[in-house]
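J.: Structure provided below as structure tokens; questions to follow.
Read-outs throughout are calculated quantities, based only on the coordinates presented, and are distinct from any laboratory measurement. Just so it is clear, the structure is predicted and the values come from calculations on it, not from any experiment. Note that each Cβ is placed from the backbone with ideal geometry, even for glycine, and that neighbours are counted across all protein chains shown.
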Amino acid sequence: MNSKTKTSVWKNYFSMLRHAGLPWVLMVICFVLSLLVSILSLALANQISVVLQENVPIHSAVPEIWKLIGVIIGGIVCIVASAHLQGIVTAQIDRNVQRYAVSKVLHLKTKDLETTDTREFITRLTDDTAKNSPFIIELAINEIPRLYYIVGAIISVSQIGQPVLVGAMFLLIPGIVLLAFVSGLITFRNRNKIQARLADVTARLAEKIDDVELIKSYGTEEKEIEAGNRVLDELKKVRKEGVLVDRVNQFISTFIWFIDIIIIVVPPTLLMFRGAIDRGTYAAYILLVSKFETYVKEHLKVWVALKEAQGATRRLSALLNIEGEMDRTADSVPEKGDIAFDKVSFAYGENYILKDLSFTIPHGKKTGIVGLSGSGKSTVLNLIEKFYEPDEGMILLGGRNIQDADYLQYRSRFAYLPQNAPAISGTVREMLRFSAARDYTDSEMIEALKAVLLYDDLEPLGGLDYEIGNSGENLSGGQRQKLGIARMLLSDAEYVLLDEATSALDPEATALIQKRIDEKCAGKTLIVVAHDLSTIENADSILVLEEGRLIGQGTHQELKEKLPLYAGLVKGV
């Protein structure tokens, strides 16, 4: 990774923490508790030395023993409280970072979502985001208290007056540093490989589930299972490498621990046998250096945690680097006005869907959009909704470029119903109230369901309390369309966009529901992409598209008489 990439990673990292927010009050309390643990650990060694001094009368030792008990109890309380609160802080940091990352995904532009395999973000939003809290905890809460103890321990051992003991302390450090460095590097590389495989598995499994009907229709279940198993085998292989990495880390750690024990115990033992130090000093030294070794190791855990956070943030940076809809300042939105396309061109990659397209949709009128498949009809609605941005030209609302308008304010003026009528898990009531400006009453919602001929289907199943399932899986395609239209009928939006919204309904239901839509949208701007031309026969104006260009505009009767393509569409040719 070059320096520019590293800079970008850490810039994204600290930007992410700034936007996510940290629980600073709890972190300060944890810091104080961690510092108290270090202070009491130093005091414990000193008090042990006092209590174990030779030739001390028992009546003189009793008060010192009580002090020792007090230090031990205080240390235990602080350790338990600190561990508990640090667990809470960890959970809050993970939650805040995950919220921020999820918000970034939901605010991505539609075009970026379609050109990125966002299913890989699932592991990034769950697992990668949890890699940040250990580093923050170690650095912001525990690092200074550890350094305080390390410095205090060195001073205390120096005051013993035996240079060999000070040398033994410092001799511990190289092995610990080497362990942390090697462990950090191999862990970083292996965890990156595991996360890459996890993202791949998530994406592929999601694809199989999304396309399960296609797979079943062609009888390729076993083939797809085999392909999925190959991916799982790759993940298993990498995880086995991870197990090996863990075992190598454990071996290195055990070996270093054995060497450390020799370094800690042998020098003071020899000095005590020679009478150079007493038993109190011996015990204090063992306590000081044992904790010193532990804190040096934990101090170097910052390096391992840093490498984990760096790897996770590098993966997240692909998400954090994408400019979202909310990343630019925007103007307010005109209340009302005509919608005008001014020489608009739009392409998916190298393929132009719309080319130099210009027309005006009058405010308060019904406008139909028709054309053969692939002519750009749905793309026009997506551009109006600001799901996409034109590659060339402008789209104007009330004479103002919609790209300068605030996304939330702008879309709040629109009710949009795509052909597939997407739904979100929950009850019928929750779906009807989804993003509503106010809470509709039960009677209002029931009337809307009756208007679209859906209430009689739902009433025996629980009515408004019926669970529609994940993505509305408990409803048929026609029922999802009816539910979407019912939600639109409840809306007070000034602009209504329908993309073949009744395509899954029979002709009789289509005619009745379209009549209800026209009644509800009287005086509003209604834009209908239609395959069934009966739904737009009464439109004030109809736009006819062919290969992304406008080839005709007029009423139903005018176009039927003057435009062969439209006449063919009317006849179903």
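J.: Could you name the lysines whose alpha carbon sits less than 16 Å from that of LYS223, not counting residues in the same chain fewer than 8 places away?
T.: Within reach: LYS208.
J.: Let me ask something else about it. Which of the peptides 30-36, 360-366 is most tightly packed, and how do the rest follow, going by the mean number of other Cβ atoms within 10 Å of each residue?
T.: Values: 30-36: 19.9, 360-366: 17.1.
Ranking, from highest mean packing down: 30-36, 360-366.
J.: Would you kindly derive the ³J(HN,Hα) couplings of region 66-83 from the backbone phi angles with the Karplus curve 6.51 cos²θ - 1.76 cosθ + 1.60 (θ = phi - 60°), listing them in order in whole Hz, with x for Gly and Pro?
T.: 5, 4, 4, 4, x, 5, 5, 4, x, x, 4, 4, 5, 5, 5, 5, 5, 4
J.: Let me ask something else. VAL243 to ASP356: extension gain in nm, 0.36 nm per residue of separation minus the Cα-Cα distance?
T.: Working: separation 113, 0.36 × 113 = 40.68 nm, distance 5.86 nm.
Between VAL243 and ASP356, full extension yields 34.8 nm more.
J.: Let me ask you something else. Determine the alpha carbon to alpha carbon distance for each of LYS109/LYS237; LYS377/LYS515; LYS109/LYS562 and list only those over 32 Å. Mind dumping the intermediate values first?
T.: Values: LYS109/LYS237 36 Å; LYS377/LYS515 22 Å; LYS109/LYS562 40 Å.
In this structure, LYS109/LYS237; LYS109/LYS562 lie more than 32 Å apart at Cα.
J.: Please arrange VAL28, VAL452, VAL105 by counting, for each residue, the other beta carbons lying within 10 Å of its beta carbon, fewest first. Write out the running numbers ahead of the final one.
T.: Working: VAL28 12, VAL452 24, VAL105 18.
With the sparsest Cβ surroundings first, the list reads VAL28, VAL105, VAL452.
J.: Using the per-residue mean of other Cβ atoms lying within 10 Å as a proxy for protection, in what order, highest first, do the peptides 460-470, 302-312 fall? Numbers along the way, then the final one.
T.: Values: 460-470: 13.9, 302-312: 20.5.
Descending packing order for the listed peptides: 302-312, 460-470.
J.: Mind pulling up the Rg/Rh value for region 326-447? Radius of gyration and Kirkwood radius, both on Cα. Provide the component values of the computation, followed by the final result.
T.: On the way: Rg = 16.6 Å, Rh = 16.5 Å.
Using Cα coordinates only, the ratio equals 1.01.
J.: Set the Förster distance to 60 Å, then compute FRET efficiency between LEU372 and LYS11 from the Cβ-Cβ distance, nearest 0.05.
T.: Numbers: r = 48 Å, r/R0 = 0.80.
Given R0 = 60 Å and the Cβ-Cβ separation, E is 0.80.
J.: While we're here: Skipping prolines and chain starts, which residues have an amide H placed within reach, meaning under 5 Å, of the one on LEU550, given they are 5 or more residues away or on another chain?
T.: Hits under the 5 Å cutoff: SER358.
J.: Give me, ordered by chain and number, the residues 5 or more places off LYS109 or on other chains with an amide H under 5 Å from its own placed amide H.
T.: Amide H neighbours of LYS109: GLU325.
J.: Further, regarding this structure: List the pairs from LYS386/LYS520; LYS343/LYS571; LYS343/LYS386; LYS104/LYS131 whose alpha-carbon separation is above 21 Å, in the order I gave them.
T.: LYS386/LYS520; LYS343/LYS571
J.: Still on this model: Could you compute the net charge surrounding GLU459? Neighbours are other residues with a C-beta less than 11 Å from the C-beta of GLU459; K and R count +1, D and E count -1.
T.: Details: positive: LYS450; negative: ASP456, ASP457, ASP465.
That sum, taken over residues with Cβ under 11 Å, equals -2.
J.: In Å³ and rounded to a whole number, note down the convex hull volume per residue for the Cα atoms of region 339-571. Could the numbers behind the result be given before it?
T.: On the way: hull volume 28.7 nm³, N = 233.
Value for region 339-571: 123 Å³ per residue.
J.: For the ranges 387-396, 543-552, what's the packing order if you count other beta-carbon atoms within 10 Å of each residue, average per peptide, and put the highest first?
T.: Numbers: 387-396: 16.9, 543-552: 19.5.
Those peptides, ordered most packed to least, come out 543-552, 387-396.
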